[in-house]
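Enquirer: I am attaching a structure below and will ask some questions about it afterwards.
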Amino acid sequence: MLLRPILAEEPNPFALVVDPYWILVSIVQFAILYWLLGRFLWGPVTAALQSRADKIREGLQAAEAAKREREQMRQEVERLLGDARREAAAISERTTKAAEAAAAVIRSEAKAEGDRIRERARADAEQFHRQALAQLRGEVASLVVLAAERILGREVDATAHRALIERSLDEAGSELGRLS
């Protein structure tokens, strides 16, 4: 009924005519094309996209794991550096204490050596002093005997006078020692 008025008139070359056969053919073609595209194109494309999405997801997970591992390694490095610093400080402190102890030992040995050298020098000086006094006494005694011989004009017993002079010098030396 709707199509009858269109058929009664002269066909218009510009008129839109809907034929049910071609509608059915178009629907079948569309279904076949849809099935072919779904089977041969969308399936592989979807699988490729899914595969790529999985790889990207795996890459992101690997990057996240690497980031966590890097953070753990950074913390481990910081811990190791802290341990190394503490150990270096302890070694430095032990070395400083050992050096101070060695310096104290060296100072005490040097002081002891200096005391020994001073004591030996004092003993040497005292011995030299005694030798010089003994030599001086001998020379003074000889000079006194010589002077007495000249004054008296005769020879004096050198041994007896020398003993007398040395005794006098000893007495004079002891009195000089009390005064000083």
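The values are calculated or read from the model by the stated rules, or taken from the named source; none is laboratory data. As the structure is a computational prediction, the values presented were derived from the model and not from experiment. Cβ sites come from the backbone with ideal geometry, for glycine too, and all protein chains shown count toward neighbours.
Enquirer: I'm trying to understand the selection: among the residues of segment 139-180, which are touching an Asp or Glu at 6+ places or on another chain (Cβ under 8 Å) and either in a helix (DSSP H, G or I) or at pLDDT 70 or above (or both)?
Expert: 141, 149, listed by residue number.
Enquirer: How many residues are among the β-branched types (Val, Ile, Thr) and within 55 Å of the chain's Cα centre (by Cα) if we restrict to segment 34-58?
Expert: 1
Enquirer: Among the residues of segment 134-145, write down those that are of a type in the set (A, V, I, L, M) and surrounded by 13 or more Cβ atoms within 10 Å (Cβ to Cβ). Step through it out loud before you land on a result.
Expert: Kept after step one, since they are of a type in the set (A, V, I, L, M), are these residues of segment 134-145: 134, 136, 140-141, 143-145.
Scanning segment 134-145 gives 140, 141, 144, 145.
Enquirer: Modelled with pLDDT of 95 or more, assigned to a helix (DSSP H, G or I) and not hydrophobic (A, V, I, L, M, F, W, C): which single residue out of 29, 50 fits that description?
Expert: Criteria check complete, one pass: 29.
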